[in-house]
Each structure stands twice: as structure tokens, then as C-alpha cells.
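Student: If you scroll down you'll find the structure; I have some questions about it.
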Amino acid sequence: MKRFLIPSLALAIFVLYFISTITKQDIVPSQIEELKSEYGEKIRPSVDHSKFSQLKKSFSKPQEVTAACIDCHNERHTEVMNSSHWNWEREEYIEGRGVRYIGKKNILNNFCIGINTNEQSCNKCHIGYGWEDKSFDFANANNVDCLACHDNSDTYVKKSSGAGMPDPSVNLTTVAQKVGKPTKSNCGTCHFFGGGGNNVKHGDLEKALFDTHREIDVHMASDGGNLECVDCHTAERHQMLGKVYSLSSMNRNRSTCEQCHGATPHTNEVINEHGVKVACQTCHIPEYAKVNATKMAWDWSTAGKMKEGKPYEEKDSLGNITYASIKGTFIWKQNVQPEYVWFNGTASHYLTGDTISSETPIQMNTLHGSYDDPDAKIIPVKVHRAVQPYDPVTKFVVQPKTFANREGEGGYWKDFDWNSSIQHGMEYVGLPYSGHYSFVKTEMYWPINHMVSPKTKAVACKECHTSNNSRVGNLRDFYMPGRDYNATVEFMGIGAIVMSLLGVGVHAVVRVASKKQSMKNHI
Amino acid sequence: MKKQLVYSRFNRFWHWMQSVLIIFLGLTGFEIHGSLSFFGFDQAVTLHNTAAYIFLVLIGLAIFWHFTTGEWRQYLPTRQHLRAQIEYYLTGIFRNAPHPTRKTAISKLNPLQKLVYLALKILVIPIMVVSGLLFMYYRYPQSSSIQSLNIDGLEAIAILHTAGAFFLVSFIIAHLYLITTGHTPTANLKAMITGYEVLEDEHSK
């Protein structure tokens, strides 16, 4: 009896420990419960703006509404006018470049390329009234558009190609009396439609998020966290937390998962440890563009084809525009698996006027980081690949004038003349144009932060820890178990096993044969 | 010829626990390595780590046992009869020659076993334990942490651990075969299960 006591005791401990390890939950439930109750309470406004006499009147101009706002909120406009939402530029320190003032105001992208000369169209999404060219007065407080972000009536819309002015159909009195904390609908109106259509730019921010379910985005889903954008992108004096690295350079003012979930939200320490080198998003956003497709590639060089002398559009079966005479050819994708890069929170950019090297594709923005960088983590990104115009003589990626109200003003979308379009654009930004243009491949990196999936859909270990099509197969500057091996050790190791088997096999055969022989001799 | 207790109760417990653990660590380990697919990667990691801790406890017990019983002396290497033992395996065994060394309860290992088991004890197992613990407890370099605890990368640790694992697989293959070379093919196995083995009587020599 005693003889079995110790082994069976040890076995029992082993089995118990084994069961306890596999039944452990991966998330500390109390933390999630706390967050749910904290963010489940929706804020009730302390005032009813419809009762203020200042707002019980008809407004002939939106600037009058702003003046009425400032009448009570008498310093808020200065905060807004200090924000990147207003200035479309920030002071940024860029590695190797020094301090630069960069933002939508002056940075080129590889979608519609840039706002300069196109303000009337692009700046529909500026939180101001009337930024239609360089003469816009950034010091005039009455030009601040409070309503774009604070309309809670869901009736406020900005006019198409109206340089940020409201659509004439908007009843300013109704809107002014129903203002409040920004909702998804305020932010989404611009941020879901960047690049000229739904989900064109980000891939993880699109109109489906106005009202979605948990499978798409656990945070914003009405049957999930039901969070507003500003629950995470909190604001202090109108300075929003978070920014996108297509325009930003510095590791500051980031909106992070950790601000709510902490740095070690899992009970499994092995998974917590991953957090040192792997961003939460990497595992928890297995794919983006889960509802509608996002633009993955844009080829400007094919623009300008005509049908019966007229510009035209072609669409795929899902209604995505695959060719437009004014813009060229597009590739759209749905349910896209992100690409992965190291990222330490700093980025550099192609700045207008930089001469490009012969190395293509041109990196419109570069996310910095490597395995050896203690601040860097692996993050998921959407890479948008484009072919866009540049000047082969000056080596500038060019700013074309695309938008125009009428033909003959130089806007490519009306005249379909690159030369004149680039001429107008480059003159406007104060850079020379040689008169020759060509097209160059470019890439732009968009960190993926939204469309977090339910935990059951998180990326499985094996999707990265495998030598066969690992999600992070492109990141080779470190050793990863399951993906990497040393060829010599592998060869020698397998060799040793094979040799052992062979040796044992041959020995056994000879042994059996000689035994038979000796038995025969015996007889 | 008489039946003698060769392997004490703890000796057998230790041997079989060790064999189960090493095979289990091998299965889960090679699954993590990407060579097998059985438990699933995440389960394999959890099980591998759990088994590793149990193995550590077992090693602790075994060390205690070795020193309190003096069993460690069994593993003192000797060159005496070493050549004879090798020759026996290479040729003698086919001629039905007698074992060059006599197995007794006091000296149950032949010179080749002494050498190989000692190498396991002082080289392979320590390498696996140390590299395994580093595998589990290494910290990536973090700006605010203690520099000396940082390990820049897993590569060296992982390669050492993998190499050790390959060695152990080869060892198990050879071991499983060589235990059939006793008086009868199953004599050694039976002895390790029951503890008793029929040994040549000292006086019969």
C-alpha cells in the first residue's frame, strides 16, 4: 500500500495542477466588469441649451452661432484654436529633421495627395468656416465650427465642396439648441470618410461603426461596450488624446488600450509578457475592413481615360469604384489581415519639397522601431500602396490641383491635364515644377487600432508561432519559438535521431541473426 | 543465482516519473518547436511549463536521494572495463559472450552507463534546466528594468534547449534498445518495474 502512496500522491498533484492551469480564464473578469459599469453610465447633460435665450433666434450665418457659443463659453475658442483639429498642423520633432510644423495643411499623402489648391473640397472636414485658400484667417474665432463636433441633433451637415460651410439645408437654430458631447456620428462624419469615401483611408474606421455589433468592434458595438469615440479619445481643453501616424511624428499624447485595461490584463503571465514586445492590437484585431471594403491601392497613372469623350466610373459587384477617370484605378479589399511592423511611437514623413531617392516605393511615412528598440512593439498596419505623380527632374512628389469649380482653372478633375494641374499645385506651395511629370510607387502606413474583435477571435498563438506563413514572417530581427530554428542544430539533431534509429536497427538485426545462428549450431 | 532488490522504491518512482516527464516534455517541446501538432500551441506551452516545474521538484527529490543514500557513487566514472563494455556491444553480444561487468545491487551500472548517465546528470539535464528557466523567466530589455536581468534575445537559449532535446530523443532511442540486452530481453525492464532482478551470485563466480 505504502509503495503506491508517494507516486499516486504526486500523480494527484500533477493532475490537479494540470486541471487548474487549463481552466484558468484568460481575462481578469473583475477588471472588465468594472470598466463595463463605469462606461455603461451615459452622461446626462447638466444644461438644456434649448432653454437659453441667446439660442432662441434664427441665425443667418453659422459664424453667429459661434459668437453665441463664445458668449457663454468665453475662452473655449482659444482652446479649439490651439488644437490640431483647427490648425491641421502640429509642432513635431522628427528624427534627423528637427522641429517641423506638419499636418494635413502641408503633408502629402498617397490618396487624394494633398489639400493645397483643393481646400474648397478637402476642407469640408475642417472644423472651421470658409478655409478655401491660403488667405483663411486662423485668428478669427467666429470661424470656429463648434457644431461639427457638438451637434447632437444629427441634422448638421457640411456642404460638399463648401470649404467647411454648413449645407444650406441646415436649420442652425435647431442645431444650436441641441448641442452636447460629441458622439460617434460627429466624429465619424469626417473620420470614417477620409480620402473621399467610406473607409477609403483607415480600413478600421468606417460608417458601419455608427451602429455595429460585437463581432465587428467590441468597444463601439451597441451590444458591446457601446462606447463613444471620446470615451477613449478623451479631451483636456479641447486637445484630443490620440492621433494618426500618417501625420504625426512623436511618441506623445497617444490613446492606448492600456489607459483602460492596464499593461497586464491577462491572468496568463506568458501572454502578459508578450505585451513588452507586442501591442494589444496585434492579437486583438485579427482583421480590418470587416464590413465594407477599404482601399488598398490607388494608381493615379491610369487616370484620364474617357468614354465617348466623357469621364466615367467602373464599379465592382459590391459597388466599390474600381476605376474613375478623375482618379485612376483602385484595389479594394474586405476582411484584410493586417501587415505587421515594429513601432516605437515615432515616425518620419515625406515632407513637401523632399527630393526622392531612387529607392522605391517612396515611403510617404515611416514608422520607426526594431526588435532591439526597448520602446518598440509589433503593431498591425494597413499599408496603402499607390502610384502617384512626381517631377522626374526636381525629384519632388508633386502637389497637383485636382479640384476646380470650372474647366480651365487647372483642376485635373475638370481638365484632365496633369501638366497644368501640377503647375498650379506646385506654384501654390511655392516649389518649382520642371514641366515634366511621371509616376512613382509610394507606400503609406496606417496603424490599425479599431475593430477590436471578441477575445474568442483573437489571433491564435500558432498564427505567428509557425514557420508556415507566420503573420509576422516579415519581421526577421529576432528569434521566435515555433517560427525560427537553427538549420545546423536541426540538421545535426535529426541526423542524430536517424543515426540512433539506424544503429539500433542494424544492431538488432545482427543480434537476432547471430542468435538464430548460434541456436542452430547448438542443435 | 538469486533474486535481489536492485532498484529501491524511490529509485523506480524517480526513474518512471522522469521518463514520463521527459517524454511529455519532448512531445510538448517539439510541438512548441513546430515539429509536432498534438495539444495545440498554447496548451503545449502551458503543459510544457507545468511539466518543467514538476520535473524540477523531482530533480530536487532525486538529488536528496542520491546524497542521502550514497547512490551518487554509482555514477563515478571509471575507465576500468570501459573498452571491454564497448567491445561487448560491438562484437561480443553477437557471439553470445558474457557481459564484461557484473551487475550487483552495489554496482548496478556498467562503465558505459556510468559515463552516459553522469553526462546526463551533470551536463544535459543542467543545460536543459538552466536554458528552460531562462526561457521562462527572461525579460526583454526594458528601459526601466535592471540591466543584468535583461536578455536581448532568445536565440542562444532556444538553440541550446533544442540541441539538448535532440540529444535526449537520441538517448531515449538508444536506451530503449540497450535495455533489451540484459540476461533476457525483458530482464532490465522487469527489474525497473518490480525492483527485483536475478543477478549472478557473487559466490558463483
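For (1) in a loop (DSSP other than H, G, I, E, B); (2) touching a residue at least 60 places away in the same chain (Cβ under 8 Å), each residue gets a yes or a no:
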{"residue": "A:Ala68", "(1), (2)": "no, yes"}
{"residue": "A:His77", "(1), (2)": "no, yes"}
{"residue": "A:Trp86", "(1), (2)": "no, no"}
{"residue": "A:Tyr93", "(1), (2)": "no, yes"}
{"residue": "A:Ile115", "(1), (2)": "yes, no"}
{"residue": "A:Asp133", "(1), (2)": "yes, no"}
{"residue": "A:Ala139", "(1), (2)": "yes, no"}
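Student: Residues that are modelled with pLDDT of 90 or more and either in a helix (DSSP H, G or I) or closer than 20 Å to B:Asn11 by Cα (or both): does segment B:134-150 have at least one?
Tutor: Taking every residue of segment B:134-150 in turn, none turns out to be modelled with pLDDT of 90 or more and either in a helix (DSSP H, G or I) or closer than 20 Å to B:Asn11 by Cα (or both).
Student: Then there is this: If I filter segment B:152-162 down to residues being over 22 Å from the mean Cα position of the chain (by Cα) and either in a helix (DSSP H, G or I) or surrounded by fewer than 16 Cβ atoms within 10 Å (Cβ to Cβ) (or both), which single residue comes out as modelled with the lowest pLDDT?
Tutor: Only one residue fits best here, namely B:Asp152.
Student: Please state which one of B:Phe39, B:Phe24 is assigned to a loop (DSSP other than H, G, I, E, B), within 11 Å of another protein chain (Cβ to nearest Cβ) and under 19 Å from A:Leu16 (Cβ atoms).
Tutor: When all the criteria are applied, what remains is B:Phe39.
Student: Another one. Search segment A:95-109 for residues being surrounded by fewer than 14 Cβ atoms within 10 Å (Cβ to Cβ) and assigned to a loop (DSSP other than H, G, I, E, B), and hand back the single one that is farthest from the chain's Cα centre (by Cα).
Tutor: A:Gly96
Student: Now for a separate question. Return the residues of segment B:169-201 that are in contact (Cβ under 8 Å) with a residue 24 or more places away in the chain, part of a helix (DSSP H, G or I) and more than 10 Å from chain A (Cβ to nearest Cβ); say none if nothing qualifies.
Tutor: Correct list: B:Ala191, B:Met192, B:Ile193.
Student: Test of understanding: among A:Gly353, A:Gly345, which residue is surrounded by fewer than 18 Cβ atoms within 10 Å (Cβ to Cβ) and under 18 Å from A:Gly103 (Cβ atoms)?
Tutor: Going through A:Gly353, A:Gly345 in turn, the sole match is A:Gly353.
Student: Any chance you could count how many residues in segment A:141-164 are under 27 Å from A:Glu409 (Cβ atoms) and either assigned to a loop (DSSP other than H, G, I, E, B) or among the aromatic types (Phe, Trp, Tyr) (or both)?
Tutor: Number of matching residues: 8.
Student: With the requirement that a residue be assigned to a strand (DSSP E or B) and under 30 Å from A:Cys283 (Cβ atoms), what does segment A:331-360 give you?
Tutor: Of everything in segment A:331-360, those that are assigned to a strand (DSSP E or B) and under 30 Å from A:Cys283 (Cβ atoms) turn out to be A:Ile331, A:Trp332, A:Lys333, A:Val336, A:Glu339, A:Tyr340, A:Val341, A:Trp342, A:Phe343, A:Ala347, A:Ser348, A:His349.
Student: Would you pick out the residues in segment A:448-464 that are more than 11 Å from every other protein chain (Cβ to nearest Cβ), crowded, with 22+ Cβ neighbours inside 10 Å and among the hydrophobic types (A, V, I, L, M, F, W, C)?
Tutor: A:Ile448, A:Met451, A:Val452
Student: Now for a separate question. Name the single residue that is farthest from A:Asp133 (Cα to Cα) among those in segment A:364-411 being of a type in the set (Ser, Thr, Tyr) and either part of a strand (DSSP E or B) or within 14 Å of chain B (Cβ to nearest Cβ) (or both).
Tutor: Restricting to residues being of a type in the set (Ser, Thr, Tyr) and either part of a strand (DSSP E or B) or within 14 Å of chain B (Cβ to nearest Cβ) (or both), the top hit is A:Tyr371.
Student: A:Gln120 versus (1) modelled with pLDDT under 95; (2) not in a loop (DSSP other than H, G, I, E, B): which is the lone unmet condition?
Tutor: (1)
Student: Could you tell me whether B:Ala44 is within 12 Å of chain A (Cβ to nearest Cβ) and either surrounded by 14 or more Cβ atoms within 10 Å (Cβ to Cβ) or under 18 Å from the mean Cα position of the chain (by Cα) (or both)?
Tutor: yes
Yes/no matrix, rows are residues, columns are (1) assigned to a loop (DSSP other than H, G, I, E, B); (2) in contact with a strand residue (DSSP E or B) (Cβ under 7 Å, 6 or more places away or on another chain); (3) surrounded by fewer than 18 Cβ atoms within 10 Å (Cβ to Cβ):
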| position | (1), (2), (3) |
| --- | --- |
| A:Gly242 | yes, no, yes |
| A:Tyr245 | yes, yes, no |
| A:Ser248 | yes, yes, no |
| A:Cys260 | no, no, no |
| A:Ala263 | yes, no, yes |
| A:Val270 | no, no, yes |
| A:Gln281 | no, yes, no |
| A:Lys290 | yes, no, no |
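Student: Could you tell me whether B:Ala165 is buried (at least 16 other Cβ atoms within 10 Å of the Cβ) and among the small types (Gly, Ala, Ser)?
Tutor: It is true that B:Ala165 is buried (at least 16 other Cβ atoms within 10 Å of the Cβ) and among the small types (Gly, Ala, Ser).
Student: Would you confirm whether or not segment B:107-124 contains a residue that is over 19 Å from the mean Cα position of the chain (by Cα) and surrounded by 17 or more Cβ atoms within 10 Å (Cβ to Cβ)?
Tutor: no
Student: Given A:Glu269, A:Glu258, A:Glu228, which one is among the charged types (D, E, K, R) and within 14 Å of chain B (Cβ to nearest Cβ)?
Tutor: A:Glu269
Student: Does any residue in segment A:445-470 that is in contact (Cβ under 8 Å) with a residue 12 or more places away in the chain come within less than 7 Å, Cβ to Cβ, of a residue that is of a type in the set (Asp, Glu) and crowded, with 21+ Cβ neighbours inside 10 Å six or more places away or on a different chain, and which pairs are these?
Tutor: Short answer, once both residue conditions are applied: A:Ile448/A:Asp204; A:Asn449/A:Asp204; A:His450/A:Asp204; A:His450/A:Asp217; A:Met451/A:Asp204; A:Met451/A:Asp217; A:Val452/A:Asp217.
Student: While we're on this one: Has segment A:481-493 got at least one residue that is small (Gly, Ala, Ser), away from every other protein chain (no Cβ under 11 Å) and surrounded by 14 or more Cβ atoms within 10 Å (Cβ to Cβ)?
Tutor: The answer is no; no qualifying residue exists.
Student: Also, I was wondering about something else. Suppose the filter is under 23 Å from B:Ile32 (Cα atoms), among the aromatic types (Phe, Trp, Tyr), within 14 Å of another protein chain (Cβ to nearest Cβ) and not in a loop (DSSP other than H, G, I, E, B); does B:Phe94 pass it?
Tutor: no
Student: Something else now. What number goes with the only condition from (1) more than 8 Å from every other protein chain (Cβ to nearest Cβ); (2) in a helix (DSSP H, G or I); (3) among the polar types (S, T, N, Q); (4) surrounded by 13 or more Cβ atoms within 10 Å (Cβ to Cβ) that A:Ser500 does not pass?
Tutor: (1)
Student: Determine, yes or no, whether A:Thr173 is of a type in the set (Ser, Thr, Tyr), in a helix (DSSP H, G or I) and at pLDDT 95 or above.
Tutor: Taking the combined requirement at face value, the residue satisfies it.
Student: Taking the conditions exactly as written (in a loop (DSSP other than H, G, I, E, B), surrounded by 13 or more Cβ atoms within 10 Å (Cβ to Cβ) and facing chain B (nearest Cβ under 7 Å)), does A:Ser467 satisfy them or not?
Tutor: Against the criterion (in a loop (DSSP other than H, G, I, E, B), surrounded by 13 or more Cβ atoms within 10 Å (Cβ to Cβ) and facing chain B (nearest Cβ under 7 Å)), A:Ser467 qualifies.
Student: I'm trying to understand the selection: among the residues of segment B:47-91, which are within 14 Å of chain A (Cβ to nearest Cβ) and in contact with a His (Cβ under 7 Å, 6 or more places away or on another chain)?
Tutor: Within segment B:47-91, just B:Tyr88 meets the criteria.
Student: State which residue is farthest from the other protein chains (Cβ to nearest Cβ) when the search covers only segment B:27-36 and only residues that are surrounded by fewer than 20 Cβ atoms within 10 Å (Cβ to Cβ) and assigned to a helix (DSSP H, G or I).
Tutor: The residue in question is B:Leu27.
Student: Shifting gears a bit: Pairs only if they're at least six apart or on different chains, beta carbon under 9 angstrom, first in segment A:161-184 and surrounded by 17 or more Cβ atoms within 10 Å (Cβ to Cβ), second among the aliphatic types (A, V, I, L, M) and assigned to a strand (DSSP E or B); list them, first residue then second.
Tutor: Correct list of pairs: A:Pro182/A:Ala235.
The values are calculated or read from the model by the stated rules, or taken from the named source; none is laboratory data. Quick caveat: nothing in here was measured; it's all calculated off a predicted structure. Quick reminder, even Gly has a Cβ in these numbers, built from the backbone with ideal geometry, and neighbours come from all protein chains shown.
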